[in-house]
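The values are calculated or read from the model by the stated rules, or taken from the named source; none is laboratory data. If you're wondering where the values come from, they're calculated on a predicted model, not measured in any experiment. Ideal geometry is used to build each Cβ from the backbone, glycine not excepted, and the neighbour counts take in all protein chains shown.
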Amino acid sequence: MSGGLNRILPAILLIAAVLLAWELLIRLLHVQEFVLPAPSAIAQTMIARQPELFAAALITSGEVVSGFLLSALVGIALALLIARFDRFGRALYPLIVLFQNVPKIALAPLFILWFGYDLSPKVALIVVIAFFPVALDMLAGLQSVDPNLVALLQSVGAGRTEILRRAQIPHSLPYLMSGLKIAITLSVIGAIVGEFAGASAGLGYIIQFASTQMETSLVFAALVEVSILGVFFYYAVEAFEHVYIDWRPKAASQP
Amino acid sequence: MATGVAVDYTTRRQRNRVLNDIHLSVPKGGFVSLLGPSGCGKSTLLKVLSGLLQPSEGTILVGGMTPVQAARNRRIGLVFQEPTLMPWKNAIENVGTLMLVADRGRARNDIRDHAREMLRLVGLEHAATRMPHELSGGMRQRVAIARALALDPEVLMMDEPFGALDAITREDMCDFLLEIWQRTQKTIVLVTHSIEEAVFLSREVQVMGTNPARILEAVPIPLPYPRDEETYARAEFGEIATHLRRLLKHGHAGKTA
């Protein structure tokens with residue numbers, strides 16, 4: 001365990017040094033709090049406004065989780081359809097790539113217009129942003145299965161669906177997981193952007209509202225909370241991978 | 001048993017002759033090696049024999065059936081250079097995978113018992129629950145052989161099965177394969193580019209040449225079984241190896257057919 005601590009110790013020291021320098025500079029140069037608050041001021045705000053921030057974090061989390069799950073579902077379904085049905089895949093794949101080049105964030109106002117101000121426009125925005133890496137990575141996994149393994153299954157009479165089930169899908173799971181890890185960070189971004197575009201609650205809403213009120217330390221407090229949320233979700237996905245895909249040969253352990 | 005009659009294989013557009021007018025017959029219970037340099041089409045020939053590729057001309061019969069039929073009827077066991085195991089399944093599950101497909105409706109316990117028996121046959125009963133990445137290269141290839149044997153095929157077709165292993169493990173695996181062959185009485189067709197391996201293992205070596213790919217000569221190996229380290233030291237071993245080496249050199253250089 002001390003080995004683990006030793007590994008992250010330099011990072012902790014660096015963060016502490018940056019925070020200290022930040023605090024000192026603000027105090028020495030008398031920077032106004034609405035321009036750039038000191039870490040201590042941000043910490044105070046985080047404590048004082050925690051009930052409000054926590055409630056907002058819950059709302060944003062709800063958007064992230066539902067958006068992420070739906071993106072995963074859409075991405076997985078598309079990958080399976082494209083892999084299983086050649087002709088359908090040839091028709092759909094270019095469309096998906098084309099769609100990927102649309103700046104999705106620009107769709108946020110449209111979704112507000114269509115779906116209103118609550119959960120659904122954020123979920124819709126997250127899905128259009130986050131399904132792509134899921135679909136793409138899973139498809140790569142489905143298609144990169146060892147052809148000899150496929151030949152082996154075919155030789156004893158396995159059909160397309162059975163090969164998909166027995167070889168391609170299990171083989172694609174590590175690929176799927178790396179797609180999901182990208183998708184979860186995109187989901188947090190999607191939720192915040194969705195709240196910027198129009199919302200009455202959530203961390204993104206607090207960031208936007210507080211900045212119009214010049215409550216800069218609240219903006220930072222919400223930013224910190226969003227970051228914690230993002231890290232938490234990322235590691236939740238990684239923990240899931242660790243538990244369910246234990247067959248992937250572990251990368252050589254660091255010294 | 002496997003009587004390959006005039007196998008030609010051409011690619012779709014260019015009609016490249018990958019294999020030209022191959023005549024091959026493998027007696028039941030025999031051990032035949034296809035020996036040749038890389039790119040001579042020996043792996044292609046094995047693919048055609050095992051039904052993975054369709055020949056463009058000629059016919060092949062494995063136990064009286066086409067290779068595809070024979071494979072469906074579990075007459076053919078396949079082993080590749082890479083073990084091609086499923087990394088998400090442990091050794092015993094890997095041995096059972098093909099049975100799950102081929103023996104639809106057979107009880108899982110039954111399959112498991114049979115898979116365990118096959119692992120015992122290849123000397124890996126103790127490693128049944130280990131994952132492929134926890135096994136050595138040689139052990140993985142043994143699992144692959146057990147998986148092929150689990151179908152109880154008549155012919156074992158192996159494409160450079162020891163090609164990815166180090167020299168010492170290779171010799172171990174050769175001893176192991178001969179033992180399996182003696183015990184199971186299977187017919188074995190082995191693709192290799194190692195002269196020593198071919199001579200040590202087979203009853204007959206089909207020497208292949210390039211340009212165009214063809215069989216240069218069928219060389220019987222009269223060395224008595226069981227063969228062991230002593231076999232390498234025998235005078236006949238050296239003579240046959242030298243003969244094969246000359247054939248390969250000649251077939252490689254000569255463009256005339």
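Points to keep in mind about this one:
- Look at the range A:233-255: where a residue is farther than 24 Å from A:Gly62 by Cβ and within 14 Å of chain B (Cβ to nearest Cβ) and a partner is modelled with pLDDT of 70 or more and loosely packed, with under 13 Cβ neighbours inside 10 Å, sitting 6+ places away or on another chain with Cβ atoms under 8 Å, you get A:Trp247/B:His133; A:Pro249/B:His133.
- Tabulated pairs, the range B:65-91, first at the interface with another protein chain (Cβ under 7 Å from one of its Cβ atoms) and closer than 15 Å to A:Val145 by Cβ, second surrounded by fewer than 18 Cβ atoms within 10 Å (Cβ to Cβ) and among the basic types (Lys, Arg), C-beta under 6 angstrom, 6+ apart or interchain: none
- B:Glu117 vs. criteria in a helix (DSSP H, G or I), acidic (Asp, Glu), buried (at least 17 other Cβ atoms within 10 Å of the Cβ) and at pLDDT below 95: no
- A count restricted to the range B:45-64 and to residues that are on the phi < 0 side of the Ramachandran plot, surrounded by 20 or more Cβ atoms within 10 Å (Cβ to Cβ) and either part of a helix (DSSP H, G or I) or within 13 Å of chain A (Cβ to nearest Cβ) (or both) stands at 8.
- Selection status of A:Val97, within 26 Å of A:Gly230 (Cα to Cα) and either at pLDDT 95 or above or surrounded by fewer than 19 Cβ atoms within 10 Å (Cβ to Cβ) (or both): no
- Conditions (1) buried (at least 21 other Cβ atoms within 10 Å of the Cβ); (2) farther than 30 Å from B:Lys47 by Cα; number of the one not met by A:Met214: (1)
- Considering (1) touching a Ser or Thr at 6+ places or on another chain (Cβ under 8 Å); (2) among the aliphatic types (A, V, I, L, M); (3) modelled with pLDDT of 85 or more, the lone condition that B:Ala70 does not fulfil carries the number (1).
This table checks each residue for (1) under 23 Å from the mean Cα position of the chain (by Cα); (2) surrounded by fewer than 18 Cβ atoms within 10 Å (Cβ to Cβ).
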| site | (1), (2) |
| --- | --- |
| A:Leu81 | no, yes |
| A:Asp118 | yes, yes |
| A:Pro133 | yes, no |
| A:Gly141 | yes, no |
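- Any hit, the range B:167-181, residues being farther than 26 Å from B:Glu82 by Cα and within 20 Å of the chain's Cα centre (by Cα): no
- Among the residues examined, B:Arg183 does not qualify as in contact (Cβ under 8 Å) with a residue 40 or more places away in the chain, of a type outside the set (A, V, I, L, M, F, W, C) and within 24 Å of B:Asn20 (Cβ to Cβ).
- When B:Gly137 is tested against the conditions (1) more than 14 Å from chain A (Cβ to nearest Cβ); (2) surrounded by fewer than 24 Cβ atoms within 10 Å (Cβ to Cβ), the lone failure is (1).
- Scanning the range A:168-189 turns up one or more residues that are in contact with a Lys or Arg (Cβ under 6 Å, 6 or more places away or on another chain), within 14 Å of chain B (Cβ to nearest Cβ), assigned to a helix (DSSP H, G or I) and surrounded by 15 or more Cβ atoms within 10 Å (Cβ to Cβ).
- Checklist (1) more than 8 Å from chain A (Cβ to nearest Cβ); (2) closer than 27 Å to A:Leu142 by Cα applied to B:His114, failing item: (2)
- Restricting attention to the range B:92-108 and to residues that are within 10 Å of chain A (Cβ to nearest Cβ) and part of a loop (DSSP other than H, G, I, E, B), the residue that is surrounded by the fewest Cβ atoms within 10 Å (Cβ to Cβ) turns out to be B:Arg104.
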